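The values are calculated or read from the model by the stated rules, or taken from the named source; none is laboratory data. If you're wondering where the values come from, they're calculated on a predicted model, not measured in any experiment. Quick reminder, even Gly has a Cβ in these numbers, built from the backbone with ideal geometry, and neighbours come from all protein chains shown.
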Amino acid sequence: MSAIEDGTLDIAKLWEPTPKNRIIRASSATNRLRWGGTGGSKSSDALMEVFEDMVRWDGMRVLFLRRSLEDLKKSAMQDWKEFIPKELYTSSGNIETLYNGSKLFWGYLPNNTEKDLQQFYSAAFPRIVIDESSQISGESYQFLSSRNRVNAECQPDERGEFPVPCMLACTNPIGAHWSFYNKQFLKKKPFDPPKDARRDKNGRWWVEEGGGWTLVYDPHDWEAISSTLLDNPHLLKRDPDLHRKLMALPKALRDKLLYGYADSVVGQYFDCWDETRNTISLAKDPDAIIWQTWQPRWIGWDWGRAHWTACYWFTIALVKQLSGEYKEKVVCYREYVDRGENYAKLCENVAAMTKLGLPGQKQAGEEPTWSLKTIYLSHEKFIKREENQPHAPSVEITRELMKRGLPGPVRNNAAAGSRVGKATMLHNLFETNGLVILDTCPEIIEAIPQLMRDEKNIEDVLKVDGKADDCYDGFAMGPYNFFNTAKKPQEVKDEERIAAIEDPLQKRLEQYKLTMQRQKRDVEPERKPEWM
């Protein structure tokens with residue numbers, strides 16, 4: 001039966017939402033997520049929901065996004081042609097125009113970069129659909145939210161009402177950016193809250209600005225519904241064999257694509273990660289670790305001005321096994337994650353946390369129990385970035401750390417800078433249960449399951465801008481550099497020694513002596529025996 005009779009459109013004859021999709025359609029939240037297994041009718045229902053809105057409001061603009069144009073052509077564009085009668089619209093490039101002037105724009109973000117987003121700088125869309133959203137970064141989602149507004153051409157409906165702007169997202173719980181959607185929609189927490197943000201008893205997050213409080217996250221604005229193939233009788237009727245095919249997948253993939261489990265680890269690099277095995281709570285079991293205060297302690301520290309500072313403390317200790325016996329393992333016992341601080345403040349915080357010693361241990365004796373062997377710092381801090389810089393940032397950091405009784409940082413050597421090397425070592429440590437993390441380090445515990453495998457280099461972790469990646473870089477630096485330590489170059493030792501001198505005259509004399517020594521070394525070739 002035709003959906004158009006006597007010039008009247010009957011949308012119910014074009015599409016029938018599943019019970020789960022009826023629930024999310026009725027939500028008043030301004031951010032709505034359809035998520036779950038394959039075949040849950042997530043994307044096609046979102047498409048038909050915005051089509052109904054386009055019919056209701058003349059002149060409405062809708063943006064429908066995916067990661068690539070090819071993905072759109074294989075999915076949503078095909079659905080549009082299948083479900084929408086041809087006489088209702090005209091196509092021009094990547095734009096579908098309805099008979100009432102409403103337009104649907106097909107968009108894509110191949111690189112998740114600011115350049116990709118520039119095309120939407122002056123745009124306005126009362127409805128934005130992000131399909132397979134776990135491939136789209138949280139930063140891109142938040143930017144697009146600023147474009148989620150009523151466009152000038154949009155007309156009020158028959159009741160004189162304008163549409164309430166709304167973001168619609170659809171995805172399987174798999175992808176490099178699933179963690180953003182998991183946290184914002186399912187866990188009801190802001191993915192990256194501002195510093196000093198506070199949560200009230202109703203789950204809302206606030207930050208103090210200009211003498212008042214600004215709401216930065218309201219859980220009532222974020223609604224999600226999960227659906228799977230089993231919730232879609234229409235597809236089961238058309239393709240009854242699909243369920244059998246999904247059941248035949250490996251368990252990890254089946255958990256994601258059939259059952260839509262939010263926390264399954266398929267596609268993630270550390271597929272061997274098990275929080276119950278790789279983490280320890282001393283609050284629950286104070287005897288889980290026997291600290292050996294004579295063992296070396298070291299720090300892995302990643303720092304970037306535009307990124308998060310991620311600092312992790314490590315040692316080697318005896319860890320209790322299920323059998324009750326103890327085994328020597330690497331233990332990450334403390335973390336510090338922050339951003340926006342200067343060198344002095346960062347070093348002050350690192351020093352203060354270092355001097356807390358090992359958890360549950362009191363300082364005693366002449367040798368302080370917080371003695372630190374090495375600080376491994378990200379390699380870019382040993383490089384002068386600008387001509388007007390008197391020296392590399394590592395010199396300033398060394399000065400601030402040594403003022404507080406800590407050693408200067410060590411630069412990554414070539415081997416220790418290998419991303420693949422760090423990733424494979426960590427994978428092996430987790431797989432063999434040779435490294436455990438205290439549950440007082442929540443950022444890295446949350447970050448590890450988010451890390452995806454790089455499809456272009458399956459031995460490496462996919463590089464993604466975000467807190468999880470910064471935490472991983474700082475964390476991985478610790479174990480890998482400790483077991484692959486190269487001798488510190490003499491030039492670095494000299495710079496650190498001079499930077500730590502307080503007396504200006506003495507510092508200048510040492511700098512002069514060092515300059516003369518280097519000039520002499522450059523002019524006079526090293527003398528070697530004739531046989532060499």
So for the range 158-171 (the condition being touching a residue at least 40 places away in the same chain (Cβ under 8 Å) and of a type in the set (Ser, Thr, Tyr)), does at least one residue qualify? yes
Go through the range 20-116 and tell me which helices (runs of 4 or more DSSP H), entirely inside it, have 2 or more residues that are at pLDDT 95 or above, surrounded by fewer than 16 Cβ atoms within 10 Å (Cβ to Cβ) and touching a strand residue (DSSP E or B) at 6+ places or on another chain (Cβ under 7 Å). none
Is the range 54-62 home to any residue that is closer than 27 Å to SER226 by Cβ, of a type in the set (Asp, Glu), in the same structural domain as SER137 (by TED's automatic domain parsing) and touching a residue at least 12 places away in the same chain (Cβ under 8 Å)? no
Residues of the range 194-225 being of a type outside the set (Lys, Arg) and either part of a loop (DSSP other than H, G, I, E, B) or outside the structural domain of LYS42 (by TED's automatic domain parsing) (or both), which ones? PRO194, ASP196, ALA197, ASP200, ASN202, GLY203, GLY210, GLY211, ASP218
Here the residues within the range 448-467 that are closer than 14 Å to ALA423 by Cα, of a type in the set (A, V, I, L, M) and touching a residue at least 12 places away in the same chain (Cβ under 8 Å) are ILE448, LEU451, MET452, VAL461, LEU462
How many residues does the range 117-134 contain that are without any contact (Cβ under 8 Å) to a residue 60 or more places away in the chain and in a loop (DSSP other than H, G, I, E, B)? 2
Are there helices (runs of 4 or more DSSP H) fully within the range 415-532 with at least 3 residues that are modelled with pLDDT under 70? List them. 490-499, 504-523
Residue count, the range 315-362 (criterion: in a loop (DSSP other than H, G, I, E, B), surrounded by fewer than 19 Cβ atoms within 10 Å (Cβ to Cβ) and in contact (Cβ under 8 Å) with a residue 12 or more places away in the chain): 8
Hey, could you check the range 261-299 for residues that are assigned to a strand (DSSP E or B) and more than 17 Å from SER371 (Cβ to Cβ) and say which is modelled with the lowest pLDDT? GLN268
Is there a residue in the range 160-173 that is over 18 Å from the mean Cα position of the chain (by Cα), small (Gly, Ala, Ser) and farther than 30 Å from GLN450 by Cβ? yes
Could you give me the residue pairs with C-beta distances under 7 Å whose first residue belongs to the range 473-485 and is among the hydroxyl-bearing types (Ser, Thr, Tyr), whose second residue is buried (at least 23 other Cβ atoms within 10 Å of the Cβ) and in a helix (DSSP H, G or I) wherever it lies, and which are 6+ apart or on separate chains? TYR480/LYS422
Selection from the range 26-67 of residues among the charged types (D, E, K, R) and more than 27 Å from the chain's Cα centre (by Cα) yields ASP45, GLU49, GLU52, ASP53, ARG56, ASP58, ARG61
Can you find a residue in the range 149-156 that is under 15 Å from the mean Cα position of the chain (by Cα), more than 17 Å from PHE51 (Cα to Cα) and not assigned by TED's automatic domain parsing to the domain that holds ALA468? no
Residues being within 12 Å of ALA169 (Cα to Cα) and among the polar types (S, T, N, Q) - total across the range 100-136: 3
